[in-house]
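The values are calculated or read from the model by the stated rules, or taken from the named source; none is laboratory data. Since the model is a prediction, treat every value here as computed from it, not as a measurement. Here the Cβ positions follow ideal geometry from the backbone for every residue, glycine too, while neighbour counts run over all protein chains shown.
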């Protein structure tokens, strides 16, 4: 094993150990403080609910750790035990004898790996849905519906990934000297296309969307959004209760097709004032341009990633370091992805810091729109209790893993804004 490969392997192990260390710190913190009920939650959470919340967090963490170890073993065996080299040689021999075009060869190479990953992950997805989530009363999905969703998901991802791969590989094959820029441009346009069509093409494949029956509530929501300077196509209820008891609300689509979607579970759990507060928060994301800002940041990073990939994949460095017998573009793609994930390990810290800043801005917008933060605080308290959320996350863990400010911190800030 050469020096560069040893360094890569050591860095991979260190990043994975760091993830486990963060999980361990969080569980130790929860074990110490998990039974404490903050004053803000005293009326909404009983000691029994706190016990179930801790049990749910521990169960999710254990499941996540086991799943991660499983994925790590597969990755290490695939890359370091010669399976990638064998797979690469196998497809190379078929390509050599059948003279596949570059695009077809690449499509087969990537899609077979994608299907293998889906198959390997399916038992864990099944366990999470029908054991972990059902044990704590969240799963409402039947096994038939789960299987249908799985098949639909595979079919949809096959179409989307195939279009991306065919377009990207065609550009790479025909614009060899500067392919990174047109590939990035193609991904850029395709991303906005998917976001645009998603509300009417993709989302209805999995859920049913109907206008809210309460016309008065719908009008109140639209009036509030207009007051905030936001125009939407409509307000829709999603049949989330067919699959889960978790709740959410979100904006979907862009431009003229933009609409607001509310889980039916959220409508059932919250009062009218609380629901309006949650939607005012979501409106804050829209009014502050957080979706567009995130897309711009994503596209900038994608452009950088495409350029770095071009510089790396046009050379044989990865082939030599990992000892591949055939220098193929597609095997180097897999290796580049593996190495890149090590290099960007700390990026969630940056992204989640920005996300928490956006969440505070959205909360401030809701307070400004409604004149108080109390209704949103009440809604968050109720949802935290219903979802068995961990309201005592360890600080360092939260910095790495939380896209929202910790609930207690956020609720105290909202209640102070309402005084």
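Annotation: residue 232 fulfils all but one of (1) free of Cβ contacts under 8 Å to residues at least 40 places away in the same chain; (2) closer than 30 Å to residue 146 by Cα; (3) in contact with a helix residue (DSSP H, G or I) (Cβ under 7 Å, 6 or more places away or on another chain); the unmet one is (2).
Residue-wise test of (1) within 30 Å of residue 54 (Cβ to Cβ); (2) in contact with a strand residue (DSSP E or B) (Cβ under 8 Å, 6 or more places away or on another chain); (3) touching a residue at least 40 places away in the same chain (Cβ under 8 Å).
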| residue | (1), (2), (3) |
| --- | --- |
| 92 | no, no, yes |
| 103 | no, no, yes |
| 109 | no, no, yes |
| 123 | yes, no, no |
| 127 | yes, no, yes |
| 132 | yes, no, yes |
| 142 | yes, no, no |
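From the list 311, 299, 282, 325, the lone residue that is farther than 30 Å from residue 44 by Cβ and either in contact with a strand residue (DSSP E or B) (Cβ under 7 Å, 6 or more places away or on another chain) or part of a loop (DSSP other than H, G, I, E, B) (or both) is 325. Of all residues in the stretch 209-220, at least one satisfies being crowded, with 16+ Cβ neighbours inside 10 Å, farther than 20 Å from residue 291 by Cα, modelled with pLDDT of 90 or more and under 25 Å from the mean Cα position of the chain (by Cα). Here the condition is being in contact with a strand residue (DSSP E or B) (Cβ under 9 Å, 6 or more places away or on another chain), outside any helix (DSSP H, G or I) and either under 27 Å from residue 130 (Cα atoms) or touching a residue at least 24 places away in the same chain (Cβ under 8 Å) (or both); of 267, 260, 221, it holds for 260 alone. Within the stretch 148-163, does at least one residue satisfy the condition of being surrounded by 15 or more Cβ atoms within 10 Å (Cβ to Cβ), in a helix (DSSP H, G or I) and over 24 Å from the mean Cα position of the chain (by Cα)? No.
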